[in-house]
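> The structure's right below; bear with me while I get my questions together.
Since every read-out is calculated from the coordinates, none of them should be taken as a lab result. For clarity, every value in this text was computed on a predicted model and none was experimentally measured. Cβ coordinates were reconstructed from backbone atoms using ideal geometry, including for glycine residues, and neighbour counts include every protein chain displayed.
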Amino acid sequence: MIYDSAQSWRDAPQKRVLFFGMSGLGKTHVSQILRDQGDWFHYSIDYRIGTRYLGEEIADNAKREAMKNPYLRELLMSDSIYIASNITFANLKPVSMWLGKPGDVTKGGLPFAEYQRRQTMFRRAEEAALLDTPHFIDRAHAIYGYPHFICDTGGSICEWVDPNDPDDPVLTALSRNTLMVWIKGSDAHTAELVRRFDRAPKPMAYQPAFLARKWDEYLALRAIAPDAVDPDDFIRWTYAQALAHRQPLYQAMADNWGVTVTAEDIAAVRSAADFDDLIAAVLDAR
């Protein structure tokens, strides 16, 4: 790790941290606190994916939908309007809407093959965005003068890496440049995430083998054809299993490549100074 003690962390003129863990446990919230109250550059992986690597694909998909409407089609064809996504750190919906859900197209679903294609594209985009981290560390300091750097990753980072491989290219690059911090939730947090997801199911990215296995299991369990699947029902059914699938991957990432903080500790952070103290305490106890 780039900081091997509480003192080395406190003495570092440039602090560089990467958060990972399930969405909804405070990664972006604390990143915003550091950005707003300290000299921290906030690098959002999902924002980078949506603007740099999938921006054209997202806009083109919106145009395809608009072309189905005669009124919008005429405006588009005459260059009277333009369509672009308005992605911000706080609004990443264009990315999740593009990623979509598999199932009945009349219910807003995607054919499974198209869903798999988009999953593959998202994986490539996320890997590229993660590997851009060292570039943004240098850029944040050289252009803007930020001494400190926080990388705010998406929940699916664990789907594309092998935390037990000491030569994993993504984890090697990230650990050489940042302190990797897992925000670990409790059983109560997991239950709340499941409840929240059930109220408003959102697209997710999965390991290809895990997705194919769960798709086949779902079709057999429901005795249903692929094009008749209710998209929301499938991703609700898959979500809790995805959490269980990700937990040991996060644990191995923390054990082999970083440190762990609890979601309760993160929730108590109110300032950049609080965050400094939290990381120092974790390193001291390691």
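> Relative contact order (percent) for the chain, with alpha-carbon contacts under 8 angstrom and 6 or more residues of separation?
34 percent
> How high is the relative contact order of segment 74-155, in percent, counting Cα pairs under 8 Å that sit 6 or more residues apart?
12 percent
> Please go through the residue pairs LYS27/LYS93; LYS68/LYS93; LYS93/LYS184 and name each one whose alpha carbons sit more than 19 Å apart in this structure.
Details: LYS27/LYS93 17 Å; LYS68/LYS93 21 Å; LYS93/LYS184 24 Å.
Violating the 19 Å limit, Cα to Cα: LYS68/LYS93; LYS93/LYS184.
> Alpha carbon centre of segment 238-273 versus segment 207-231: separation in Å?
Segment 238-273 and segment 207-231 have Cα centres separated by 28 Å.
> Taking only Cα atoms, what is the 0 to 90° angle, nearest 10, from helix 27-37's long axis to the longest principal axis of the chain?
60 degrees
> For segment 267-276, take each phi angle, set θ = phi - 60°, evaluate the Karplus expression 6.51 cos²θ - 1.76 cosθ + 1.60, and give the result in whole Hz per residue in order, putting x for glycine and proline.
Here the 3J(HN,Hα) series is 5, 7, 6, 10, 7, 4, 5, 4, 5, 4 Hz.
> From the Cα gyration tensor of segment 229-286, with a ≥ b ≥ c the square roots of its eigenvalues, which class applies: rounded if a/c is under 1.5, or else prolate if a/b is larger than b/c, or else oblate?
Judged from the Cα gyration tensor, segment 229-286 comes out oblate (a/c at least 1.5, b/c at or above a/b).
> A follow-up question, please. Using helices alone, I'd like the mean residue ellipticity at 222 nm for the chain: each DSSP H run of four-plus residues gives -39500 (n - 2.57), total over residue count, nearest 500.
Taken over the chain, the calculation gives -17500 deg cm²/dmol.
> Using the Karplus equation 6.51 cos²θ - 1.76 cosθ + 1.60 (θ = phi - 60°), what ³J(HN,Hα) coupling, rounded to whole Hz, does each residue of segment 125-141 give in order, writing x for Gly and Pro?
5, 5, 4, 5, 5, 5, 6, 6, 3, x, 4, 6, 4, 5, 5, 4, 7
> Averaged over all directions, how much area does the convex hull of the C-alpha atoms of segment 85-159 cover when projected, in nm²?
For segment 85-159, averaging the hull's shadow over all directions gives 6.4 nm².
> Once amide H atoms are placed 1.01 Å from N in the peptide plane, what residues at a sequence separation of 5 or more from LEU18, or on another chain, have their amide H within under 5 Å of its amide H?
Close amide H contacts, sequence-distant or interchain: CYS151, LEU179, MET180, VAL181.
> Test of the criteria: in segment 54-104, which trypsin sites (Lys or Arg not before Pro) are in a DSSP loop and have at most 14 other Cβ atoms within 10 angstrom of their Cβ?
Qualifying residues, ordered by number: LYS68.
> Can you list residues whose amide H is under 5 Å from LYS184's amide H, if they're 5+ apart or on another chain and H is modeled 1.01 Å from N?
Placed amide hydrogens put VAL261, THR262, ALA263 under 5 Å from LYS184.
> Once you order the gyration tensor axes a ≥ b ≥ c over the Cα atoms, which shape class does segment 126-192 get: rounded for a/c under 1.5, otherwise prolate or oblate by comparing a/b with b/c?
oblate
> Strictly greater than 25 Å: what percent of every Cα pair in the chain meets that? Intermediate results must be reported in sequence, preceding the final value.
Details: 20723 of 40755 pairs.
Counting every Cα pair in the chain, those more than 25 Å apart make up 51 percent.
> Tell me the relative contact order for segment 47-119 as a rounded percent, counting alpha carbon contacts under 8 Å between residues six or more apart.
Reported as a whole number, the value is 27 percent.
> Please turn the phi angles of segment 83-91 into ³J(HN,Hα) values with the Karplus equation 6.51 cos²θ - 1.76 cosθ + 1.60 (θ = phi - 60°), one per residue in order, whole Hz, x for glycine and proline.
With the stated coefficients, segment 83-91 comes to 10, 8, 7, 10, 7, 9, 4, 8, 9 Hz.
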